[in-house]
Amino acid sequence: MHAVLSLVLTFFSVACLWLLLQAEFLGVVLVLVYIGAVMVLFLFVVMMLDINTTPLREGYVRYLPLTGAVVVVMAAEMVMLIGLQRFDVGLSATDPAAAAGKTNLQWIGETLFSKYILPFETAAVILTVALIVAVMLTLRRRPGTKHQDPARQVAVRREDRVRLVKVASEPRQEGNP
């Protein structure tokens, strides 16, 4: 829980830094992709690992101070960010996108797919491998679980499963149906 909250705070802080550096696209993408999607993926993997959460749920109130601290820090960052934008304080002296005569998004796209194509593709491969490993972790054999074996089900003969037994019948008595 501490790690998840710390990671959310880190992503949010970096997004605020991107906004202060006038890279609005990167700030918004960081919030949407990393906080919205990657954290959901992390939580999905953690939940699929079959961790016994009963002892963890017993003391969830102890995490309230940490959660409150994270919320206060995030709120303070938002207030400072809004305050700095109101006074038009620019933290970056040179804007590479403006120096190139392009919009922020055009500059990012051209730079990412020309100068940094190898790290971009490496990150894509690493994320794909991480996703495959996460799925493999959830599909491991666990003791006590039942699995179907279609080959055994198809190979079954009727004689092995059904036994017909003849039972002698008794005549009915008049009081019993």
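The values are calculated or read from the model by the stated rules, or taken from the named source; none is laboratory data. In this text, all values refer to a predicted model and were calculated from it rather than measured experimentally. Methodologically, a virtual Cβ is constructed for each residue, glycine included, from the backbone with ideal geometry; neighbour enumeration extends over all protein chains shown.
Structural remarks
- Residue in region 50-64 that is modelled with pLDDT of 75 or more, surrounded by 10 or more Cβ atoms within 10 Å (Cβ to Cβ) and part of a helix (DSSP H, G or I) present: yes
- Residue check, Thr122 out of contact with any Leu (no Cβ under 6 Å at 6 or more places or on another chain), modelled with pLDDT under 80, within 30 Å of Leu43 (Cβ to Cβ) and surrounded by 10 or more Cβ atoms within 10 Å (Cβ to Cβ): no
- Some residue of region 40-49 being part of a helix (DSSP H, G or I), of a type outside the set (A, V, I, L, M), surrounded by 11 or more Cβ atoms within 10 Å (Cβ to Cβ) and at pLDDT below 80: yes
- Remark: Leu7 falls outside the filter, which requires a residue to be over 19 Å from the mean Cα position of the chain (by Cα), of a type outside the set (D, E, K, R), surrounded by 14 or more Cβ atoms within 10 Å (Cβ to Cβ) and at pLDDT 75 or above.
- Just one of the listed residues (Val133, Val165, Val156) is among the β-branched types (Val, Ile, Thr), surrounded by 10 or more Cβ atoms within 10 Å (Cβ to Cβ) and free of Cβ contacts under 8 Å to residues at least 12 places away in the same chain, namely Val133.
- Selection status of Thr128, at pLDDT 80 or above and β-branched (Val, Ile, Thr): yes
- Within region 10-31, the only residue that satisfies the criterion of being farther than 17 Å from Val73 by Cβ, modelled with pLDDT of 85 or more and exposed (fewer than 14 other Cβ atoms within 10 Å of the Cβ) is Val28.
- Test set (1) modelled with pLDDT of 75 or more; (2) more than 30 Å from Gly109 (Cβ to Cβ) - Met74 fails condition number: (2)
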